[in-house]
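Where a number appears in this text, it was derived from the coordinates with a stated rule and is not lab data. None of the values given here were measured: they were computed from a predicted structure. In this analysis, Cβ positions are derived from the backbone assuming ideal geometry, glycine residues included, and neighbour counts consider all displayed protein chains.
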Amino acid sequence: MRKKKRTVFIGKVPVGGNNPVVVQSMTKNPPSKLNEVADEINQLASVGCELIRVAVPTEKDAYFLSDLKKKSILPVVADIHFDGRIAVKAIENGADEIRINPGNFPQRQLTDIIRAAKKRKIPIRIGVNSGSLEKSLVLSASSLADSALRWVKRFEDLGFSDLKISAKSSDAAMTVKTYRILDEKSDYPLHLGVTEAGTVATGAARSAIALGRLLSDGIGDTIRVSLTGDRVDEIAVCYEILRSTGVRNVGARLVSCPTCGRIQIDLTRLAQEVQKIIERIRMPITVSVMGCAVNAIGEAKDADIAIAGGAGYGLIIKKGKIVKNVREADLLSEFKEELIKMELL
Ligand code: SF4
């Protein structure tokens, strides 16, 4: 059962309360690389990213936020470290939320940041993580959670409560324990993530374990899967975690076989291409891509659309009924055509 949190608005996106868990990612480019960062945002939005975090390392980048806001179709979260003047400029130039680790700033600058955020009515994410915990503390789930909660209290004492919290560790078990404490002790919305989670395989596994356990317990209001790799994969993993936990059933779920000695078709390439085609679909459907007849017909019965491989050809099956028998070379284009007919593309 999801515990009801306060709601904050990041641009027009509501976070917390009874709202759906929101999928977030982060660009590789700063705002001063305007066209590159806008292209990244468009690409991520097209596969389901709903909030975008952008690193704002310099004052120049903070000024570029106003241009970026005109181009961005997603609400922009400005990520700022060390210099409160950049945070204030980012807020003044249109950031929809700022993410700071308050311990990184000269403390006298916090009141300026809060004043600017209040004036523009935007939330602040207090984001602590294991790599930047106060030097005096020994790293543990409770020290991470306590550090975040101490900052929350400090902001409340300064008259600001439009807050979201994150407290990330690169360790999945510590992440789970930390967020359980935060969920119990606070009613602010929580942004979940495992920090520095690794490359696609390790990062996806570690994030799925940590976020999956938390989401299954009803904890979490926004999520990010951090991967050393393509950001588009981050979004795909986020949605797979949301679907697999039953928290949010959105987008196409792919079922594909691992291949074996019976295979007579290049199924690995086919499944990867199908994954790319279906990542733009938002309807909750099941797509199956199987290498041979052994399991294909059974899986296809439960799929909205399926491909079953043969020797140089493949069947396209819709809701268990064979609709086409096509050459391997034509399988992808025919598959796409069927998705278009189903008004999914
Ligand atoms: S569907 Fe066929 S090719 Fe794929 S793993 Fe099963 S038996 Fe092997």
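Please list, ordered by first then second residue, the pairs with beta carbon atoms under 6 Å, 6 or more apart or interchain, first in the stretch 235-261 and farther than 23 Å from V194 by Cβ, second within 16 Å of the ligand (Cβ to nearest atom) and assigned to a loop (DSSP other than H, G, I, E, B).
Here the result reads C257/G291; T259/G291, each pair linking the stretch 235-261 to a residue that is within 16 Å of the ligand (Cβ to nearest atom) and assigned to a loop (DSSP other than H, G, I, E, B).
From the list A252, A271, exactly one residue is within 16 Å of the ligand (Cβ to nearest atom), among the small types (G, A, S) and farther than 17 Å from D171 by Cβ. Which is it?
Working: A252 fails: within 16 Å of the ligand (Cβ to nearest atom).
Matching residue, one of A252, A271: A271.
In the stretch 282-296, which residues are near the ligand (Cβ under 7 Å from one of its atoms) and crowded, with 18+ Cβ neighbours inside 10 Å? Break it down stepwise before answering.
Within the stretch 282-296, the first condition is being near the ligand (Cβ under 7 Å from one of its atoms), and the residues that meet it are 290-292, 294-296.
Passing the criteria: M290, G291, C292, A296.
Quick check on S132: is it under 26 Å from S169 (Cβ atoms), without any contact (Cβ under 8 Å) to a residue 40 or more places away in the chain and either surrounded by 14 or more Cβ atoms within 10 Å (Cβ to Cβ) or in contact with a strand residue (DSSP E or B) (Cβ under 6 Å, 6 or more places away or on another chain) (or both)? Steps first, please.
Details: under 26 Å from S169 (Cβ atoms): yes; without any contact (Cβ under 8 Å) to a residue 40 or more places away in the chain: yes; either surrounded by 14 or more Cβ atoms within 10 Å (Cβ to Cβ) or in contact with a strand residue (DSSP E or B) (Cβ under 6 Å, 6 or more places away or on another chain) (or both): yes.
So S132 fits the description; yes.
Would you check which residues across the stretch 255-268 are out of contact with any Asp or Glu (no Cβ under 7 Å at 6 or more places or on another chain) and within 10 Å of the ligand (Cβ to nearest atom) and list them? Quick ask: steps written out before the conclusion?
The first filter runs over the stretch 255-268 and keeps only residues out of contact with any Asp or Glu (no Cβ under 7 Å at 6 or more places or on another chain), leaving 256-264, 266-268.
Of everything in the stretch 255-268, those that are out of contact with any Asp or Glu (no Cβ under 7 Å at 6 or more places or on another chain) and within 10 Å of the ligand (Cβ to nearest atom) turn out to be S256, C257, P258, T259, C260, G261, R262, I263, Q264, L267.
If you go through the stretch 238-256 one residue at a time, how many are of a type outside the set (S, T, Y), on the phi < 0 side of the Ramachandran plot and touching a Ser or Thr at 6+ places or on another chain (Cβ under 9 Å)? It would help to see each step written out before you state the result.
Restricting attention to the stretch 238-256, the residues satisfying the condition of being of a type outside the set (S, T, Y) are 238, 240-243, 246-255.
Still in the list and also on the phi < 0 side of the Ramachandran plot: 238, 240-243, 247-250, 252-255.
When the remaining residues are screened for being touching a Ser or Thr at 6+ places or on another chain (Cβ under 9 Å), the result is 238, 241, 247, 252-255.
Final tally of qualifying residues: 7.
Considering each of R125, R85, R115, R108 in turn, give the residue that is assigned to a strand (DSSP E or B) and either crowded, with 18+ Cβ neighbours inside 10 Å or touching a helix residue (DSSP H, G or I) at 6+ places or on another chain (Cβ under 9 Å) (or both).
Values: R85 fails: assigned to a strand (DSSP E or B); R115 fails: assigned to a strand (DSSP E or B); R108 fails: assigned to a strand (DSSP E or B).
Step by step, each of R125, R85, R115, R108 is checked, and only R125 is assigned to a strand (DSSP E or B) and either crowded, with 18+ Cβ neighbours inside 10 Å or touching a helix residue (DSSP H, G or I) at 6+ places or on another chain (Cβ under 9 Å) (or both).
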